Amino acid sequence: MAKILIVEDDVTFLNLLSAHLSGAGHAVQPAEDAAVALRAIVTSPPDLIVLDMYVPYMDSVEILEAIRSDPATRDIPVIVLTGSAEDETYARAYKIGVQDYFTKPVQSEDLIKAIATQLAVAARKWVPPKI
């Protein structure tokens, strides 16, 4: 079971995603804005972040920059969800280091598969500390 932080300002969509991911066996932590998300990342780093591209208080690119600039969080996989299919949004997300990108509405099965893939990739990158 992975701990997944969902950052989404649409409460209905947040609850729907939470239900689907919980049903897939993940521990879900919801965040409705950037401030709550950043606090959650620092206090209890998730295994993966599902991030809406547009949330209150900070641009999601700024959230990604904060995550990637901290050695303690830089390797957390991030999957972006957005209502925008614009190439500029897509390019900005990948430039910052997003592992996957979905345009809403997203099929829960597709998102769950992408999460499983990114968690597997992250697990292969893990190197045990030398004793």
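The values are calculated or read from the model by the stated rules, or taken from the named source; none is laboratory data. The structure displayed is predicted, hence computed values, not measured ones. Using ideal geometry, Cβ is built from the backbone for each residue, glycine included, and neighbour counts are taken over all protein chains shown.
Among the residues of region 88-102, are any crowded, with 18+ Cβ neighbours inside 10 Å and in a loop (DSSP other than H, G, I, E, B)?
Yes, region 88-102 contains a residue that is crowded, with 18+ Cβ neighbours inside 10 Å and in a loop (DSSP other than H, G, I, E, B).
Looking at Pro77, is it over 14 Å from the mean Cα position of the chain (by Cα) and within 28 Å of Gly23 (Cα to Cα)? Break it down into steps so the answer makes sense when it comes.
Values: over 14 Å from the mean Cα position of the chain (by Cα): no; within 28 Å of Gly23 (Cα to Cα): yes.
Taking the combined requirement at face value, the residue does not satisfy it.
Filter region 1-57 down to the residues that are touching a residue at least 60 places away in the same chain (Cβ under 8 Å) and crowded, with 21+ Cβ neighbours inside 10 Å and list them by number.
Ile4, Glu8, Leu17, Leu21, His26, Leu48, Val50
Can you name the residue in region 59-95 that is touching a Lys or Arg at 6+ places or on another chain (Cβ under 7 Å) and of a type in the set (D, E, K, R) and is also modelled with the lowest pLDDT among such residues?
By that ranking, first place goes to Arg68.
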